[in-house]
Amino acid sequence: MKVIISGTDRAHSKSLELAKYIQSLYKEFGEETTIIDLAQLDLSSLMNCHYNKQAERPDDVVKAIEMINESEGLIVVCPEYNGSMPGALKLFIDYWSYPQSFEFRPVCFVGLGGRWGGLRPVEHLQGVFGYRNSYVFPQRVFVSNVWDLLKDGKISDSFVVELLQDQAKNFTKFIKALRSQNLDALSVN
Ligand SMILES: Cc1cc2nc3c(=O)[nH]c(=O)nc-3n(C[C@H](O)[C@H](O)[C@H](O)COP(=O)(O)O)c2cc1C
């Protein structure tokens with residue numbers, strides 16, 4: 001199962017709307033996905049754990065990290081906040097397990113934002129996941145001026161739709177190719 005992460009804790013976010021749209025594209029290709037919506041996680045309790053493995057972590061966050069560790073691949077949908085990724089997403093990532101959550105795990109990125117469509121947070125995330133030895137899928141998609149482009153769950157720019165479809169098809173092939181050689185996280189860990 002692939003996991004789509006909606007990368008903000010902001011209620012009624014465009015990120016979640018886009019994550020659901022991407023989920024529907026994968027479904028069209030016969031691929032099942034699950035969404036982790038950061039707005040549904042108890043991230044404020046997580047903060048009190050101070051990275052201490054012994055400290056009791058909120059159940060929903062533990063479950064979400066388990067889903068990540070069992071996933072065949074991650075699709076991170078990330079909005080641009082102040083020129084980078086939302087703090088909530090980085091906080092969540094900083095509580096993942098290393099190496100299980102990251103190493104040899106295929107991951108792809110969709111950015112959203114104003115004029116630059118989330119280019120900066122996606123590049124920051126590529127650095128984070130590259131550093132942690134994930135397989136960073138090179139085909140990225142950026143949704144610029146997301147307020148105009150994505151309304152009522154629909155994307156008005158057919159070129160962006162094509163880019164998302166292409167990414168979904170190729171990311172699925174990428175995962176299968178790695179799996180066929182026992183090179184992905186599920187084979188290695
Ligand atoms: C705290 C905050 C900071 C933001 N900073 C930027 C920014 O630096 N550049 C940008 O293009 N958009 C910025 N935006 C707009 C978001 O990128 C845009 O609304 C987005 O892609 C959708 O975010 P959402 O998932 O929270 O709805 C910011 C929004 C918020 C809430």
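None of the figures in this text is laboratory data; all of them are computed from the coordinates on show. Note that the structure is predicted; figures quoted are calculated from it, not measured. As a convention, Cβ positions derive from the backbone with ideal geometry for all residues, glycine included, and neighbour counts pool all protein chains shown.
Where does each of I65, I35 land when they are ranked from fewest to most other beta-carbon atoms within 10 angstrom?
I35, I65
How much length would be gained if the chain were fully extended between K53 and A11, taking 0.36 nm per residue of separation minus their Cα-Cα distance, in nm to one decimal?
Working it through step by step, the gained length comes to 12.2 nm.
Spelling out what I want: for every residue of segment 104-114, take phi, set θ = phi - 60°, compute 6.51 cos²θ - 1.76 cosθ + 1.60 (Karplus), and round to whole Hz; glycine and proline get x.
Those phi angles translate into 6, 8, x, 9, 10, 10, 10, x, 9, x, x Hz.
Which of S71, S144 comes first, and how do the rest follow, when ranked by fewest Cβ neighbours within 10 Å?
S144, S71
PRE reach from S44 (point 7 Å along Cα→Cβ): which of segment 2-38 fall under 15 Å by backbone N?
The answer is 9-11.
Given Cβ point charges of +1 (Lys, Arg) and -1 (Asp, Glu) and nothing else, what value in debye, to the nearest 20, does the dipole of the chain about its Cα centre take?
About 360 debye.
What whole-number distance in Å separates the alpha-carbon centres of segment 1-73 and segment 110-155?
Between the Cα centres of segment 1-73 and segment 110-155 lies a distance of 16 Å.
Spin-label point model (7 Å from Cα, Cβ direction): what's the E162 to W116 distance in nm?
2.6
Around T34, which amide H atoms from residues at least 5 apart in sequence, or from another chain, sit under 5 Å from its own amide H, with H modelled in the peptide plane?
Sorted by chain and number, the residues that satisfy this are K2, V3, I4.
Over 32 Å between Cα atoms: which of K53/K169; K53/K151; K27/K53; K90/K173; K53/K154 fall into that group?
Over 32 Å apart, Cα to Cα: K53/K169; K53/K151; K27/K53; K53/K154.
Do any GluC sites (Glu not before Pro) in segment 1-84 lie in a loop, going by DSSP, with at most 10 other beta-carbon atoms within 10 Å of their beta carbon, and if so which?
Of the GluC sites (Glu not before Pro), the ones in loops of segment 1-84 whose Cβ has at most 10 other Cβ atoms within 10 Å are E32, E56.
How about segment 112-163: which trypsin sites (Lys or Arg not before Pro) there are in a DSSP loop, with at most 13 other Cβ atoms within 10 Å of their Cβ?
Taking segment 112-163 and a limit of 13 other Cβ atoms within 10 Å, the loop trypsin sites (Lys or Arg not before Pro) found are R115.
Would you calculate, for the chain, the mean residue ellipticity at 222 nm contributed by helices, counting each DSSP H stretch of 4 or more residues as -39,500 (n - 2.57) and dividing by all residues, to the nearest 500?
After summing the helix terms and dividing by residue count, I get -13000 deg cm²/dmol.
Where does the charge balance sit around P58 when Lys and Arg score +1, Asp and Glu -1, over other residues with C-beta under 14 Å from its C-beta?
-4
Once the Cβ-Cβ distance between N145 and E28 is put in as r, and R0 is 25 Å, what FRET efficiency do you end up with, to the nearest 0.05?
According to the calculation, E is roughly 0.50.
For a quick check: with amide H placed at 1.01 Å from N, whose amide H comes under 5 Å from F142's, ignoring anything fewer than 5 positions away on the same chain?
Sorted by chain and number, the residues that satisfy this are G111.
Counting pairs of alpha carbon atoms under 8 Å apart in space and at least six apart in sequence, what relative contact order in percent does segment 73-158 give?
33
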